[in-house]
Every structure is written in C-alpha cells, then in structure tokens.
Amino acid sequence: MPYTAGRHFLQIPGPSNVPDRILRAIDHPTIDHRGPDFAQLGHDVLNGMRRVFKTKGAVMIYPASGTGAWEAALVNTLSPGDKVLMYETGQFATLWKNLATRLGLQPEFIGGDWRRGIDATQIEAKLNDDKAHAIKAVCVVHNETSTGVTSKIAEVRKAIDRAQHPALLLVDTVSGLGAIDYRHDEWGVDVTVAGSQKGLMLPPGLSFNAVSEKALAASKNAKLPRSYWSWDEMIGPNKTGYFPYTPATNLLYGLREAVAMLEEEGLDNVFKRHDRHAEATRRAVQTWGLDILCQNETEHSSIVTAVLMPTGHSEVAFRKVVLDNFNMSLGSGLGKIADKVFRIGHIGDFNDLTLMGTLAGVEMGLKLAKVPYKKGGVEAAMESLTENLIKSNS
Ligand SMILES: *Cc1c(COP(=O)(O)O)cnc(C)c1O
C-alpha cells in the first residue's frame with residue numbers, strides 16, 4: 001500500500017480519534033502492577049472516573065471492550081431465570097438483550113422503531129403490571145449509537161419511582177460518557193456501563209461499571225456464575241489502588257491523561273462542544289435534503305448523526321467512495337438498517353475544522369457516488385458554527 005498523506009479521518013462513532021497527548025501518555029514503559037508506583041495510578045484513574053460518572057460510589061475498570069462491562073453489570077446483580085425489562089432503541093439494545101438471554105436471564109423487550117428514544121411511560125406500565133416484582137432490573141441504552149438517538153435517563157428513573165418498583169436501573173452509556181451529560185448518582189442509576197474508545201478518546205480495551213450501594217447489596221445475593229467480572233474480587237484491591245489481575249496498565253496511563261484533558265476543558269464545555277457539532281451536522285444533512293434517522297427533536301444524539309440513504313442507494317457503496325477518495329471512515333448501518341443508513345461520528349477529540357473536513361468529505365462523496373442531494377450543506381454547517389460563536393462571544 002502506498003503512503004496516504006495526511007491523517008486518516010476516523011469519523012465512526014467509536015473508536016474515535018485518539019489525541020496525541022493520550023498516545024504520548026500510553027507510550028511509557030509498563031510498570032509492575034503490584035509494585036509501589038502503581039497505587040498512585042490506580043487511585044488517580046478510579047477517582048478520576050468517579051468524577052466523570054458523577055458518582056461517589058464504586059467504579060470498576062475492566063481490561064475488556066464495552067461488551068464485557070455489559071456482561072459484568074448483569075452477572076453481578078442477577079440470578080438465573082430473572083426477568084429483566086429492556087427497551088429496543090436500536091442495535092446495541094438488541095445485542096445487550098441477546099447477551100442477557102445467553103446468560104440465562106429472561107428479557108422482556110419493549111419494541112421500538114429505531115427512530116426515537118425510550119418512552120418511559122411504557123416502562124412505567126410494565127412495572128405497574130408486575131405486582132409480584134418478578135422484574136429484577138430495567139436495562140436501557142442512554143445513547144443508541146446505531147441510530148443517533150439519546151434517551152432521557154432521568155425520565156426512566158422517574159417512571160420506576162412512580163411505579164414504586166424495586167427493580168435495579170442498569171444503563172449503557174458506552175458511547176455517551178465523556179461527550180454527553182451523564183449523572184450516575186443524580187439520576188439514581190444502579191449500574192452504568194461505559195467503554196474507553198468513544199467519548200473518552202482512548203483506544204479500545206477498557207470498560208467500566210459504576211455501581212450504586214443498592215447494586216452492591218444486590219450482588220451479595222445474585223447467583224449468576226461470575227469470576228473475572230466479580231465486583232467482590234475488584235473492590236478489595238481497588239481500595240489500595242490495585243487490581244485483582246493484571247490491568248491494562250498502559251491504557252490506564254492514557255485514561256489518566258483523558259480525564260485530565262476532559263477536566264481542563266471542563267466537562268460542561270465538552271458537552272456543549274458536542275452539541276454544537278451535532279447541530280451543525282444536522283443543518284448540513286437537512287440542506288443536502290437527506291433524512292436524519294432520529295425523529296424526535298429533543299433526542300438527537302450529540303455524538304453521532306445517522307442519515308438515511310435515498311431509496312435505491314447503498315450506504316456501503318457510498319462509504320467506500322468516501323474512504324477510497326478522501327481517506328475517511330464513516331459509520332455503517334447496523335442490524336436491520338444495514339445498507340440503509342450511514343453514520344457521521346462527531347465524538348471525542350474533535351473541533352470545528354475537523355467537523356468541516358468531515359462534512360466536506362461527505363458532501364464530495366455524495367457527488368462522486370451520484371447520490372441525489374442539494375448543494376450547500378457544508379456552507380450551512382459553517383453558518384451554524386459561526387452563528388453559535390457570535391452568540392457566545394457577544
Ligand atoms: C460501542 C458500543 C457498545 C459495545 O462496545 P464494544 O466495545 O464494541 O464491546 C455497547 N453499547 C453501545 C451503546 C455502544 O456504542
């Protein structure tokens with residue numbers, strides 16, 4: 001393969017572009033994970049992640065992809081045959097449901113059309129019907145990466161409270177954490193699942209559980225077999241900054257740097273930056289005359305925009321044109337929307353000009369792939385960005 005000049009544009013909604021500061025932080029000798037220097041690193045990342053999750057409770061860090069943390073959340077809190085209430089927001093919710101089934105749980109899956117987020121009143125109705133409290137957990141996805149829809153977790157909490165139901169609330173924010181506002185304690189979440197390679201800007205390989213007191217108590221009686229994922233095994237060593245088995249030491253260097261970067265910018269500013277980029281992206285897509293998959297104005301994801309291809313046009317072919325001509329990767333359509341939807345990732349280490357490069361690549365790609373569109377999307381996105389700047393500077 002000949003050299004391709006310039007950086008690859010990795011505009012999928014995770015893994016996201018890893019900033020140089022994090023790459024430099026990872027690029028240090030691996031230390032003894034049982035030696036004296038390790039404890040400081042352990043404390044730094046565990047405390048740092050508490051601040052990112054906005055929790056005073058325990059945080060577990062696994063050397064695993066997000067899927068591992070999904071499994072950890074279930075096996076630590078539930079027993080074979082337990083009923084769990086899940087909600088079909090898209091492909092990731094579907095995969096978590098399949099995982100629950102394979103573990104021997106009994107998920108009840110509230111159906112969805114993949115174009116809007118969670119309707120909390122449906123959860124409330126199911127819980128109201130469950131007088132015997134057979135449902136042990138409500139499991140939902142905060143930011144559904146396959147559809148570009150962000151659900152309102154505080155509403156789900158309120159629904160559970162209105163039904164006065166004791167079920168645990170388990171939330172996947174693998175693609176939201178560090179990019180979209182998230183409040184583990186305030187929203188009364190019992191287990192939050194997250195991963196390293198999306199909003200946290202790290203390479204793949206770490207995942208997380210943030211755990212409430214109620215979830216810890218449930219874990220004492222939970223009977224699903226667990227060993228590698230066991231919170232009990234983690235909590236002891238974590239107290240002194242250590243791990244029960246070899247942690248991903250170099251990724252933890254990166255994680256410490258990522259938390260520092262998020263806090264230097266300020267989490268609220270990070271969230272606003274993602275909001276602005278998402279808004280500009282939507283302006284571009286609307287100007288092109290293409291449809292955004294998310295149909296609810298208040299649920300647009302700030303980290304990814306899923307775009308419907310005009311009928312008769314393949315997103316696979318379109319993304320190949322973009323990759324071949326502009327060295328940019330866009331997200332594919334997943335599950336039942338495969339070849340119908342492409343996704344523009346605007347997540348992580350990303351600024352106004354990276355966004356403009358990304359949108360220019362999409363607009364040029366539409367032309368080269370002979371997809372019908374109206375010109376001016378890039379222009380409209382620039383307008384959106386500058387209007388926002390004028391507003392915030394005045
Ligand atoms: C990426 C993602 C996952 C899965 O994470 P892996 O790291 O691929 O195992 C789960 N849920 C959501 C919402 C995601 O975006």
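In Å, the Kirkwood hydrodynamic radius of the range 160-275 over pairs of distinct alpha carbons?
On the way: mean 1/r = 0.0627 Å⁻¹.
Computed over Cα pairs of the range 160-275, the Kirkwood hydrodynamic radius comes out at 16.0 Å.
Just subtract the alpha-carbon distance of residue 291 and residue 338 from 0.36 nm times their residue separation and send over the number in nm, one decimal. Spell out each step's value before the answer.
Values: separation 47, 0.36 × 47 = 16.92 nm, distance 1.57 nm.
Separation in residues times 0.36 nm, less the Cα-Cα distance, equals 15.3 nm.
Could you state the orientation-averaged shadow area of the convex hull built on the Cα atoms of the range 289-359, in nm² to one decimal? Write down the numbers at each step before the final one.
On the way: hull surface 22.1 nm².
About 5.5 nm², averaged over all directions.
Report the dimensions of the range 60-140 along its three principal axes from the alpha-carbon atoms, largest first, rounded to Å.
Cα extents, longest axis first: 38, 32, 21 Å.
Please list the non-local residues whose amide H lies under 5 Å from the amide H of residue 290, H modeled 1.01 Å from N, same-chain partners needing a gap of 5 or more.
none
Using θ = phi - 60° and the Karplus curve 6.51 cos²θ - 1.76 cosθ + 1.60, what whole-Hz ³J(HN,Hα) does each residue of the range 65-78 get, with Gly and Pro shown as x?
Karplus-based 3J(HN,Hα) across the range 65-78 equals 6, x, 4, x, 6, 4, 5, 4, 4, 7, 5, 7, 10, 10 Hz.
Tell me, what HN-Hα J-couplings in whole Hz come from the Karplus equation 6.51 cos²θ - 1.76 cosθ + 1.60 at θ = phi - 60° for each residue of the range 291-297, using x for Gly and Pro?
Running phi through 6.51 cos²θ - 1.76 cosθ + 1.60 with θ = phi - 60° gives 8, 8, 4, 5, 9, 10, 3 Hz.
Measuring from the lowest to the highest alpha carbon on each principal axis, how far does the range 1-107 reach, largest first, in angstroms?
50, 45, 26
Per residue of the range 352-357, what does 6.51 cos²θ - 1.76 cosθ + 1.60 with θ = phi - 60° give for ³J(HN,Hα)? Whole Hz please, x for Gly and Pro, Karplus curve as stated.
Ordered by residue, 3J(HN,Hα) equals 4, 6, 5, 4, 5, x Hz.
Which order do peptides 309-320, 360-371, 89-100, 333-344 fall in by mean Cβ count within 10 Å, highest first? If you can, show how the numbers build up before the last one.
Details: 309-320: 15.4, 360-371: 18.4, 89-100: 21.8, 333-344: 20.0.
Ranking the peptides 309-320, 360-371, 89-100, 333-344 by packing returns 89-100, 333-344, 360-371, 309-320.
Can you tell me the FRET efficiency between residue 230 and residue 106 if r is taken as the Cβ-Cβ distance and R0 is 22 Å, rounded to the nearest 0.05? Intermediate values should be presented prior to the final figure.
Working: r = 23 Å, r/R0 = 1.03.
Computed FRET efficiency for residue 230 and residue 106 comes out at 0.45.
For residue 375, go through the aspartates and glutamates and keep the ones whose alpha-carbon is under 13 Å away, minus same-chain ones fewer than eight residues off.
Result set, ordered by chain and number: 363.
Using a probe radius of 1.4 Å on heavy atoms only, what accessible surface per residue do you get for the chain? Whole Å² is fine.
Numbers: 16340 Å² over 394 residues.
That works out to 41 Å² per residue.
Residue separation times 0.36 nm, minus the C-alpha to C-alpha distance between residue 155 and residue 131: what's the value? Please list the in-between numbers first.
Values: separation 24, 0.36 × 24 = 8.64 nm, distance 2.12 nm.
Between residue 155 and residue 131, full extension yields 6.5 nm more.
Mind checking the alpha-carbon convex hull of the range 141-205 and giving the volume per residue in Å³?
Values: hull volume 5.7 nm³, N = 65.
Output value, Cα hull per residue: 87 Å³.
Please compute, over every Cα-Cα pair in the range 310-394, the percentage with a separation greater than 23 angstrom.
Numbers: 987 of 3570 pairs.
When all Cα pairs of the range 310-394 are counted, 28 percent exceed 23 Å.
To the nearest 0.05, how large is the calculated FRET efficiency for residue 353 and residue 221 if R₀ is 45 Å and r is the Cβ-Cβ distance? Walk me through the numbers on the way to the answer.
Details: r = 53 Å, r/R0 = 1.18.
After rounding to 0.05, the efficiency reads 0.25.
If we sort 36-43, 347-354 on the protection proxy, mean other Cβ atoms within 10 Å, highest first, what's the order? The partial results should precede the final answer.
Details: 36-43: 14.6, 347-354: 18.6.
In descending order of packing, they fall as 347-354, 36-43.
Past the 22 Å Cα-Cα mark, which pairs from 83/198; 336/370; 83/126; 158/223; 198/272; 97/336? Let's see the in-between values first.
Values: 83/198 30 Å; 336/370 24 Å; 83/126 12 Å; 158/223 28 Å; 198/272 17 Å; 97/336 15 Å.
Result: 83/198; 336/370; 158/223 exceed 22 Å.
Give me the percent of accessible area attributable to carbon and sulfur for the chain, probe 1.4 angstrom.
Heavy-atom surface of the chain belonging to carbon and sulfur, 1.4 Å probe: 54 percent.
Which percent of the Cα-Cα distances in the range 215-299 go past 19 Å? Write out the running numbers ahead of the final one.
Working: 2371 of 3570 pairs.
That tail contains 66 percent of the Cα-Cα pairs.
Nearest 10 degrees, 0 to 90: what angle lies between the long axis of helix 153-162 and the longest principal axis of the chain (Cα atoms)?
That works out to roughly 40 degrees.
Give me the extension gain from residue 240 to residue 34: residue separation times 0.36 nm, minus the current Cα-Cα distance, reported in nm with one decimal. Walk me through the intermediate numbers first.
On the way: separation 206, 0.36 × 206 = 74.16 nm, distance 1.07 nm.
The span from residue 240 to residue 34 would gain 73.1 nm if fully extended.
Under a point-charge model restricted to the Cβ atoms of Lys and Arg (+1) and Asp and Glu (-1), what is the dipole moment magnitude of the chain relative to its Cα centre, in debye to the nearest 20? If you can, show how the numbers build up before the last one.
Numbers: 43 positive and 44 negative charges, 101 e Å.
Approximately 480 debye in magnitude.
Just from its helices, what would the mean residue ellipticity at 222 nm be for the chain, if runs of 4 or more DSSP H residues each count -39500 (n - 2.57) and the sum is divided by every residue, rounded to the nearest 500 deg cm²/dmol? Don't jump to the answer; show the numbers that get you there.
On the way: 13 runs with 170 residues, N = 394.
Calculated at 222 nm, the ellipticity per residue is -13500 deg cm²/dmol.
Assign unit charges at the C-beta atoms only (+1 for Lys and Arg, -1 for Asp and Glu), then state the dipole size of the range 1-130 relative to its Cα centre in Debye, rounded to the nearest 20.
Working: 14 positive and 14 negative charges, 77 e Å.
Using only the charged Cβ atoms, the result is roughly 380 debye.
If you build the convex hull over the alpha carbons only and average its shadow over all orientations, what do you get for the range 106-188? Give it in nm² to one decimal. Mind showing how you got there, number by number?
Details: hull surface 22.0 nm².
The orientation-averaged projected area of the Cα hull of the range 106-188 comes to 5.5 nm².
For the chain, with the dipole built from +1 on Lys and Arg beta-carbon atoms and -1 on Asp and Glu ones, taken about the Cα centre, which of 76, 309, 104 lies farthest toward the positive end?
104
Under 16 Å from the 7 Å Cα→Cβ point of residue 391, by amide nitrogen: which residues of the range 341-380?
Only 380 pass the distance filter.
When the chain is modelled as a GNM with alpha-carbon springs shorter than 10 Å, which of 180, 110, 153 fluctuates the most?
110
Which one, 261, 240, 197, is farthest towards the positive end of the dipole of the range 197-268 when Lys and Arg carry +1 and Asp and Glu -1 on their Cβ?
Of the candidates, 240 comes out farthest on the positive side.
For the chain, just the Cα set please: Rg and Dmax, both in angstrom.
When restricted to Cα atoms, the chain yields Rg and Dmax of 21.2, 65 Å.
The values are calculated or read from the model by the stated rules, or taken from the named source; none is laboratory data. Given the structure is predicted, the values throughout are model-derived calculations rather than measurements. Here Cβ is always computed from backbone atoms with ideal geometry, including for glycine, and neighbour counts include all displayed protein chains. Calculation scope for accessible area: heavy atoms of the full protein, side chains included, ligands and nucleic acids excluded. Shrake-Rupley method; radii C 1.70, N 1.55, O 1.52, S 1.80 Å.
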